[in-house]
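The values are calculated or read from the model by the stated rules, or taken from the named source; none is laboratory data. It should be emphasised that the depicted structure is a prediction, and the values quoted were computed from it without experimental measurement. As a convention, Cβ positions derive from the backbone with ideal geometry for all residues, glycine included, and neighbour counts pool all protein chains shown. Side chains included, ligands, DNA and RNA excluded: accessible areas come from the protein's heavy atoms. Shrake-Rupley method; radii C 1.70, N 1.55, O 1.52, S 1.80 Å.
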Amino acid sequence: MWEKVQETVSYIKAKTNDYAPEYGVILGSGLGSFTDDIQIAFTLPYAEIPNFPVSTVQGHKGALVFGTIGDKKVVAMQGRFHFYEGYDMKAVTFPVRVMKYIGVNKLIVSNASGGVKDSYKVGSIVLIKDHVNMMPEHPLRGKNDERFGPRFVNMSEPYSRNMIAKARTIAQDLGIEVQDGVYLGLQGPTFETMSEYRMVKILGCDCVGMSTVPEVIVARHMELETFGISVITDMGNEDSIEGITHEEVLEAARKAEPHVRRLIGELIQQY
């Protein structure tokens with residue numbers, strides 16, 4: 001793994017003239033247009049990057065975009081990788097490893113999720129304060145490489161409380177309604193049954209999705225300060241769950257996207 005990461009890092013640095021972003025941003029379903037807010041310096045399609053997987057999911061474009069937001073240097077992933085696509089967890093989280101070694105020290109992760117909290121509705125924007133990992137494979141399983149991080153990772157603060165507090169203040173200033181919540185990670189790719197949604201709520205979680213958790217675990221393994229944001233694209237209740245499709249998820253995410261883009265952009269500039 002170490003050698004693969006370093007090979008990929010060397011390739012990217014050569015292609016971007018040693019561009020060193022402070023922020024990494026992983027863009028989830030329907031949120032790929034965030035790159036329109038970036039003053040783009042370089043774009044590298046995943047297919048051209050050594051050792052990179054290629055996203056197979058509709059709505060995920062598949063490129064690393066380098067540039068600036070205000071005076072902050074960023075790299076954004078247009079499209080992420082999921083365990084349900086057939087990749088193992090080391091492949092899913094490989095880009096996070098690479099981000100660390102091109103200079104990133106803060107990671108922002110976005111996703112679309114199903115909501116079970118009574119105060120949520122389709123389109124709600126959720127600041128993720130914690131997660132429950134119910135993925136069937138752990139991204140740190142296997143022999144630990146101390147060059148990346150410790151064998152046993154402290155997960156008492158997976159999502160930066162300081163970044164959450166700053167985002168909440170920014171949202172208030174911008175008049176954007178946000179809530180917080182605990183995210184539960186499941187394998188997918190099926191949407192949840194009603195019984196599974198009830199399970200999510202019983203476990204003390206507020207929303208559920210098929211990504212984010214592995215990336216955050218690996219980010220914390222390497223001591224990246226991490227912030228997570230979710231758009232509620234369907235509600236796990238009898239009234240709204242019937243007939244949910246991936247297209248509807250993308251559409252709900254697109255409607256919330258201008259607010260999410262503005263919030264993330266301001267957080268990057270102000271934090």
| said: If packing is taken as the average number of other Cβ atoms within 10 Å across a peptide's residues, how do 192-198, 70-76, 227-233 rank, most packed first? | reply: 227-233, 70-76, 192-198
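Over segment 100-192, what relative contact order in percent results from Cα pairs under 8 Å that are six or more residues apart?
Numbers: 60 pairs, mean separation 43.8, N = 93.
In percent, rounded to a whole number, it is 47.
Counting alpha carbon pairs within less than 8 Å and at least 6 residues apart, what relative contact order, in whole percent, applies to segment 155-240? Don't skip to the answer; put the middle values down first.
Working: 68 pairs, mean separation 32.1, N = 86.
Relative contact order here is 37 percent.
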| said: Looking at the chain as a GNM with Cα springs under 10 Å, which of 254, 147, 80 has the largest mean-square fluctuation? | reply: 147
| request: Would you compute, from DSSP H runs of 4+ residues alone, the mean residue ellipticity of the chain at 222 nm, taking -39500 (n - 2.57) per run and dividing by the full residue count, rounded to the nearest 500? | output: -9500 deg cm²/dmol
| said: How large is the accessible surface of residue 203 in square angstrom, using a 1.4 angstrom probe and rounding to the nearest 10? | reply: 90
| field | residue 132 paired with residue 6, simple spin-label distance in nm, labels 7 Å along Cα-to-beta-carbon | value | 4.1
| Length-normalised contact order for the chain - Cα pairs under 8 Å, 6+ apart - percent | 26
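Looking only at Cα atoms, what is the convex hull volume of segment 1-147 per residue, in Å³? Intermediate results must be reported in sequence, preceding the final value.
On the way: hull volume 20.0 nm³, N = 147.
Dividing the Cα hull volume of segment 1-147 by its residue count gives 136 Å³.
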| message | Quick check on my link table: of 72/100; 15/143; 100/201; 4/129; 90/201; 61/143, which ones sit more than 26 Å apart, alpha carbon to alpha carbon? | response | 15/143; 100/201; 4/129; 90/201; 61/143
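If you roll a 1.4 Å probe over the heavy atoms of the protein chains, what accessible area per residue do you get for segment 139-271, in Å²?
Details: 6350 Å² over 133 residues.
On a per-residue basis, 48 Å².
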| request: Round to the nearest 10 and report in Å² the accessible area of residue 121, as given by a 1.4 Å probe over the protein chains' heavy atoms. | output: 110
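Which percent of the accessible area of segment 1-145 is formed by carbon and sulfur heavy atoms (probe 1.4 angstrom)? Kindly include the intermediate steps, with their values, before the conclusion.
Details: 2740 of 5750 Å².
The computed percentage sits at 48.
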| said: Just to verify a number: what accessible area does residue 88 come out at with the full protein assembly present, 1.4 Å probe, Å² rounded to tens? | reply: 80
| query | Of the residues 218, 104, 132, which exhibits the maximal mean-square fluctuation in a Gaussian network model of the chain defined by a 10 Å Cα contact cut-off? | reply | 132
| note | Between the alpha carbon centres of segment 1-76 and segment 172-242 the gap in Å comes to 24
